[in-house]
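Student: This is the structure, below, for whatever I ask next.
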Amino acid sequence: MEGGKELKIREYDELDAQEILELNKGSLGWSLTPEKAEKIRKLDPHVPDYFALFSVERGTVVSQVGAATVNTETISGTERLGFVWGVCTDPKAARKGYAGSLFEELHDRLSDDDIRYVLLGTSRGFVAYNLYKKLGYMDFIGLKWAIRQCKPMEKVTRDIAFTKTRKDSIFSEIWTRYTKGLLGFSKRPRDLIKIKKAWGWPPINIAGIFQRKGKTLGYILANKVGKTITIEEIIAFKQKDFRDMLKVLEMKYKPRYMLYNLLEGSHGEKIYDNLGFTRTIDTWGTLMVKDIKNRKSIKDVHKMYGIGETKFFMTAMDMY
């Protein structure tokens, strides 16, 4: 729906890509160039044809809400979710209701596409957080950091080898085996790393597999900046191998700190216990959910995804 003669809602292909780039750079600090948008749309099967919705006031692009749709597993079977990304408004057009109008239009489109739930990641410290709550979004999962100060470790047995690779098919095969029987984001596209590289987030400069005598133990996707390694995703088939894999990583890269991106109540908490991290830090980060059909409470949504039972699988690699 449009808010009057002066305000119009348009799709990406109906607008000047340069204006969209300027809006994203000025509001989010993100360079959504025409080339980047083209690559994302070509690679990512989750983005709809319209890619994102925009408010146009008197010929100027002033607000944006991006969209994606993702298949997830629940206790009842497959559930396709909406996922919001790139919410922003030109500072000169703030607090005029433009983002709210875009959300209404997006919810209508997703509902027409038979989607019931919509997710978005944000910070409870942002001004927009209150807008999301007014629109009916509820806190779904809290985001935490697990932190570990690395100390000299006893040498791990030399039969564990770490091999760097960015071959999507290798990670996809391991991940598919590991997530069998888990709920949540267990239906990823095979070329996920390539897709996330197109988006530019999360940054990954350590990607590889761990093997013992030629047998694959698991993999890691992480980012090293200075003396800190941030683990975005780590998987091991056997729980006892998690710590040995970290020992190999510490011996190779010699970090001072390791951070692990942790979602409360998710399967990541089980992984956290096996990694040997002993400290978590609460953050303002939150993953919110809205039932656009107005049928379920937050407790119902937690139950359908096994939140709190470590059955829900989702990492930073699944976020938008």
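Student: Quick one: the Cα spread of the chain along its three principal axes, in angstroms, biggest first?
Tutor: That gives 70, 40, 33 Å along the principal axes, largest extent first.
Student: Just to be sure I follow: if Rg is taken over the C-alpha atoms of the range 2-56 and Rh is the Kirkwood radius over the same atoms, what is Rg/Rh?
Tutor: 0.99
Student: Only bridges whose two residues both fall in the range 146-283 count here: according to DSSP, what percent of them are antiparallel, nearest 5?
Tutor: 85 percent
Student: Scan the chain and report its longest stretch carrying no GluC sites (Glu not before Pro) that are both in a DSSP loop and have at most 11 other Cβ atoms within 10 Å.
Tutor: 155-320
Student: So, one more: Mean separation of Cα pairs under 8 Å and 6+ residues apart, divided by the residue count of the chain: what relative contact order is that in percent?
Tutor: About 21 percent, as a whole number.
Student: Right, something else. Straight-line reach only, C-alpha to C-alpha below 15 angstrom: list the aspartates and glutamates that residue 92 could link to, leaving out same-chain residues fewer than 8 apart.
Tutor: Candidates past the 8-residue exclusion: 19, 22, 57.
Student: Could you tell me the relative contact order of the range 146-283? Use alpha-carbon pairs under 8 Å, at least six residues apart, and round to a whole percent.
Tutor: Relative contact order, the range 146-283: 32 percent.
Student: Could you work out [θ]222 nm for the chain from helices alone, using -39500 (n - 2.57) per DSSP H run of at least four and dividing by all its residues? Round to the nearest 500 deg cm²/dmol. Kindly include the intermediate steps, with their values, before the conclusion.
Tutor: On the way: 9 runs with 92 residues, N = 320.
Roughly -8500 deg cm²/dmol at 222 nm, from the helical runs in the chain.
Student: Next up: What trypsin sites (Lys or Arg not before Pro) in the range 1-103 are in a loop by DSSP, with at most 12 other Cβ atoms within 10 Å of the Cβ?
Tutor: Within the range 1-103, the qualifying trypsin sites (Lys or Arg not before Pro) (loop, at most 12 other Cβ atoms within 10 Å) are 5, 58, 95.
Student: Can I ask one more? Distance check, please: which entries in 36/196; 196/252; 151/227 exceed 18 angstrom between their Cα atoms?
Tutor: 196/252
Student: Right, next: Output needed for the range 146-283: three equivalent-ellipsoid semi-axes, defined as square roots of 5 times the C-alpha gyration tensor eigenvalues, in descending order, whole Å.
Tutor: 21, 18, 16
Throughout, read-outs are computed from the coordinates displayed, never taken from laboratory work. For clarity, every value in this text was computed on a predicted model and none was experimentally measured. Cβ: placed from backbone, ideal geometry, glycine included. Neighbour counts: every protein chain shown.
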